Amino acid sequence: MGKLFSIGEVLIDFIPLEKGKALKDVISFERAPGGAPANVAAAVAKYGGSSSMITKLGVDAFGDFLVEKLVEAGVETNKISRTSEANTGLAFVSLRLDGERDFSFYRNPSADLLLDETEINEEWFSKRDILHYCSVDLVESPMKSAHAKAIRAMKAKGGLVSFDPNVRLPLWKSAEDCRNTILSFIPESHIVKISDEELEFITGISDEENAISSLFKGDVKAIIYTKGARGAELYVNGKKFDSQGFKADVQDTTGAGDAFIGGFLYKLLESNASFEELEYLLETKAEEFLTFANASGALTTEGKGAISALPTIEEIHKLMNK
């Protein structure tokens, strides 16, 4: 079984203790480990896979806290470096009554953006591994170059590359910069996960089927289109596979998409996937992979935070078998 390598931000999510208030009106928060790539790594580890985080944290108490929580989650932290040049990133979150979120990020820059391409070791990766990344750390910074080197290195070893754009416009100079950067990285990826809220923004195409088709460029072999509570669709080799979502008592949607893709990538790793076998595996196991991923995402919304709300694999199987 291969290993998941997640590259990008690890940060503190400050979650409000009460819903239904604008961020400016929230009085008290509780801290939770977060950052989309870290959430995905934690999901894979919790379900029984092997995962490693590639990032940089500040030499500060928040960095110490995040390393501690990743270790508790079973994620390897030996590829996390530390710096005194910048602080660990923070995100303050407000929750609407339906569990949806608004974010305010504190990083100008944060430590993760200082990870340099020289700190990426090409020998880390092998054929059965998967590299996963998002767009938050693709802003102009040393970390953007680190992503590019890691992607090249994983592909050179015959491993898989997974991309979840996970659009966060407040972190970009402009929406155009965000869109163009995402569009430049999509063709470098084998698997692209995109949500119904992001599809038209990224592609500029309002028709759903045409928008999804437009994403099959470069090395892209599969598109996972997520629709929240309505489930997800997998597009591979000219075929479309549908799956239904699960009902959940939604408390907080933070990390639900990460738990979904974490569950999906765990199933790929469990199947010992490689580049040559990817399309065949996805076609033959689409229902199994999507159902597991949907259950993972749904159950995560019933808790607060992301890593702290991840379900056990037993809870996922129980929901799947209802």
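The values are calculated or read from the model by the stated rules, or taken from the named source; none is laboratory data. All values derive from a computational prediction rather than experimental measurement. Here the Cβ positions follow ideal geometry from the backbone for every residue, glycine too, while neighbour counts run over all protein chains shown.
Within the stretch 2-51, how many residues are modelled with pLDDT of 90 or more and among the β-branched types (Val, Ile, Thr)?
5
Any residue in the stretch 114-142 that is closer than 17 Å to Asn272 by Cα sitting within a Cβ distance under 9 Å of a residue that is of a type in the set (Phe, Trp, Tyr)? List the pairs, counting only those 6 or more apart or interchain.
Cβ pairs passing all conditions: Phe125/Phe5; Lys127/Phe275; Asp129/Phe5; Ile130/Phe5; Leu131/Phe5; Leu131/Phe125; His132/Phe5; His132/Phe163.
How many residues does the stretch 180-210 contain that are crowded, with 20+ Cβ neighbours inside 10 Å and assigned to a helix (DSSP H, G or I)?
Result for the stretch 180-210: 6.
Condition check ((1) in contact with an Asp or Glu (Cβ under 7 Å, 6 or more places away or on another chain); (2) not in a loop (DSSP other than H, G, I, E, B)) across all residues:
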{"residue": "Tyr266", "(1), (2)": "no, yes"}
{"residue": "Tyr280", "(1), (2)": "no, yes"}
{"residue": "Glu287", "(1), (2)": "no, yes"}
{"residue": "Thr291", "(1), (2)": "no, yes"}
{"residue": "Ala295", "(1), (2)": "no, yes"}
{"residue": "Leu299", "(1), (2)": "yes, yes"}
{"residue": "His317", "(1), (2)": "no, yes"}
{"residue": "Lys322", "(1), (2)": "no, no"}
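Could you pull out the residue among Tyr106, Tyr47 that is out of contact with any strand residue (DSSP E or B) (no Cβ under 7 Å at 6 or more places or on another chain), at negative phi and aromatic (Phe, Trp, Tyr)? Show your work before the answer.
Values: Tyr106 fails: out of contact with any strand residue (DSSP E or B) (no Cβ under 7 Å at 6 or more places or on another chain).
None of the other options fit; the residue is Tyr47.
Which pairs turn up if I take residues in the stretch 168-194 that are under 18 Å from Ile7 (Cα atoms) and without any contact (Cβ under 8 Å) to a residue 24 or more places away in the chain and look for partners that are charged (D, E, K, R) and not in a helix (DSSP H, G or I) with beta carbon separation below 7 Å, at least 6 apart in sequence or on another chain?
Between residues of the stretch 168-194 that are under 18 Å from Ile7 (Cα atoms) and without any contact (Cβ under 8 Å) to a residue 24 or more places away in the chain and residues that are charged (D, E, K, R) and not in a helix (DSSP H, G or I), there is no close pair.
Test Ala273 against the stated conditions and say whether it is closer than 20 Å to Phe163 by Cα, at pLDDT below 95 and aliphatic (A, V, I, L, M). Spell out how you get there, then give the answer.
Values: closer than 20 Å to Phe163 by Cα: yes; at pLDDT below 95: yes; aliphatic (A, V, I, L, M): yes.
Taking the combined requirement at face value, the residue satisfies it.
Could you look through the stretch 288-303, keep only residues that are in contact with a Leu (Cβ under 9 Å, 6 or more places away or on another chain) and surrounded by fewer than 24 Cβ atoms within 10 Å (Cβ to Cβ), and pick out the one that is modelled with the lowest pLDDT?
Taking the candidates together, the pick is Gly303.
Given the criteria among the small types (Gly, Ala, Ser) and either surrounded by 22 or more Cβ atoms within 10 Å (Cβ to Cβ) or out of contact with any helix residue (DSSP H, G or I) (no Cβ under 7 Å at 6 or more places or on another chain) (or both), does Gly257 qualify?
Working: among the small types (Gly, Ala, Ser): yes; either surrounded by 22 or more Cβ atoms within 10 Å (Cβ to Cβ) or out of contact with any helix residue (DSSP H, G or I) (no Cβ under 7 Å at 6 or more places or on another chain) (or both): yes.
So Gly257 fits the description; yes.
Quick grid of which residues meet (1) over 23 Å from Leu282 (Cβ atoms); (2) among the small types (Gly, Ala, Ser); (3) more than 20 Å from the chain's Cα centre (by Cα):
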position: Ala156; (1), (2), (3): no, yes, yes
position: Leu169; (1), (2), (3): yes, no, no
position: Ile202; (1), (2), (3): no, no, no
position: Ile205; (1), (2), (3): yes, no, yes
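Within the stretch 77-106, track down each residue that is farther than 22 Å from Val26 by Cβ, in a strand (DSSP E or B) and without any contact (Cβ under 8 Å) to a residue 40 or more places away in the chain. Quick ask: steps written out before the conclusion?
Taking the stretch 77-106 and keeping what is farther than 22 Å from Val26 by Cβ, we get 77-86.
Then keep just the ones that are in a strand (DSSP E or B); that gives 80-83.
Those that are farther than 22 Å from Val26 by Cβ, in a strand (DSSP E or B) and without any contact (Cβ under 8 Å) to a residue 40 or more places away in the chain: Ser81, Arg82, Thr83.
Do we find a residue being aliphatic (A, V, I, L, M), crowded, with 24+ Cβ neighbours inside 10 Å and in a helix (DSSP H, G or I) anywhere in the stretch 117-133?
Checked against the condition, which is being aliphatic (A, V, I, L, M), crowded, with 24+ Cβ neighbours inside 10 Å and in a helix (DSSP H, G or I), the stretch 117-133 yields no hits at all.
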